[in-house]
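J.: Below is the structure I would like to discuss, written out as structure tokens.
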Amino acid sequence: MAQKQIFLHDWLSSLMKNMDVQLDEESKIKVLEECGRACAERHAKSEALKSKGDLDSWLDTMKKWVGANNVQKEGNSVRVVYSKCFCPLVGGLEPLLSKTFCNCSRGWLKENFETVVGKAVDVELEDSIMRGGKECRFTVRLH
């Protein structure tokens with residue numbers, strides 16, 4: 001792994017540890033969700049826009065990314081499971097980042113699902129690999 005990537009990972013680890021000490025829970029979550037939304041804007045929103053108004057199309061796209069069995073619609077909710085951490089800031093290194101970091105994925109899911117359905121959604125982070133789970137699990141609640 002390149003020295004710059006290791007440096008960046010270590011720097012982000014320090015930032016996250018300091019956020020955990022300096023910020024209240026609500027502020028930490030909001031900051032990380034906004035980072036996830038920005039990531040979605042840069043890297044996935046163009047795909048979400050192709051599915052605007054067509055949730056099933058978006059779910060098919062997500063299934064291609066995370067696995068067919070890892071995206072399941074259940075009534076007004078969608079269960080999303082990641083069998084690994086897809087964040088390039090984490091991959092390949094020990095998960096030294098704060099458990100707060102996983103809220104970035106909440107923001108990513110919110111931004112993309114809201115783009116597709118055209119209204120606000122709620123995303124619950126149920127468990128994550130970085131928090132000691134075997135997988136990352138989310139429930140997206142559509143209104």
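J.: Can you list residue pairs whose Cβ atoms sit under 8 Å apart, with the first residue in segment 1-12 being more than 15 Å from SER98 (Cβ to Cβ) and the second being at pLDDT 80 or above and among the β-branched types (Val, Ile, Thr)? Count only pairs 6 or more apart in sequence or on different chains.
T.: Pairs that qualify, where the first residue is more than 15 Å from SER98 (Cβ to Cβ) and the partner is at pLDDT 80 or above and among the β-branched types (Val, Ile, Thr): there are none.
J.: I need every pair where a residue in segment 43-70 that is closer than 16 Å to VAL140 by Cα has its Cβ under 6 Å from the Cβ of a residue that is surrounded by fewer than 17 Cβ atoms within 10 Å (Cβ to Cβ) and hydroxyl-bearing (Ser, Thr, Tyr), sequence separation at least 6 or different chains.
T.: If the second residue must be surrounded by fewer than 17 Cβ atoms within 10 Å (Cβ to Cβ) and hydroxyl-bearing (Ser, Thr, Tyr), no pairs are left.
J.: For the condition acidic (Asp, Glu) and closer than 21 Å to SER14 by Cα, what is the one hit in GLU33, GLU74?
T.: Details: GLU74 fails: closer than 21 Å to SER14 by Cα.
Just one listed residue meets the conditions, GLU33.
J.: Let me ask something additional. Looking at segment 19-39, is at least one residue hydroxyl-bearing (Ser, Thr, Tyr), over 21 Å from GLY118 (Cβ atoms), touching an Asp or Glu at 6+ places or on another chain (Cβ under 7 Å) and not in a loop (DSSP other than H, G, I, E, B)?
T.: no
J.: Then there's this: In segment 70-81, what count of residues is obtained for those that are surrounded by 15 or more Cβ atoms within 10 Å (Cβ to Cβ) and either in contact with a Gly (Cβ under 9 Å, 6 or more places away or on another chain) or in a loop (DSSP other than H, G, I, E, B) (or both)?
T.: Residues meeting the conditions: 1.
J.: Turning to a different aspect of this structure: Need pairs with beta-carbon distance below 7 Å; first residue closer than 18 Å to ALA44 by Cα and in a strand (DSSP E or B) and within segment 116-127, second modelled with pLDDT of 95 or more and aromatic (Phe, Trp, Tyr); sequence gap 6+ or separate chains.
T.: VAL121/PHE113; VAL123/PHE138
J.: Determine whether segment 20-30 contains at least one residue that is within 17 Å of SER105 (Cα to Cα), out of contact with any helix residue (DSSP H, G or I) (no Cβ under 8 Å at 6 or more places or on another chain), in contact (Cβ under 8 Å) with a residue 12 or more places away in the chain and crowded, with 18+ Cβ neighbours inside 10 Å.
T.: No; the residues of segment 20-30 include none that is within 17 Å of SER105 (Cα to Cα), out of contact with any helix residue (DSSP H, G or I) (no Cβ under 8 Å at 6 or more places or on another chain), in contact (Cβ under 8 Å) with a residue 12 or more places away in the chain and crowded, with 18+ Cβ neighbours inside 10 Å.
The values are calculated or read from the model by the stated rules, or taken from the named source; none is laboratory data. Keep in mind that this is a model prediction, so the values were computed, not measured. All Cβ positions, glycine included, derive from the backbone under ideal geometry; neighbour counts span all protein chains shown.
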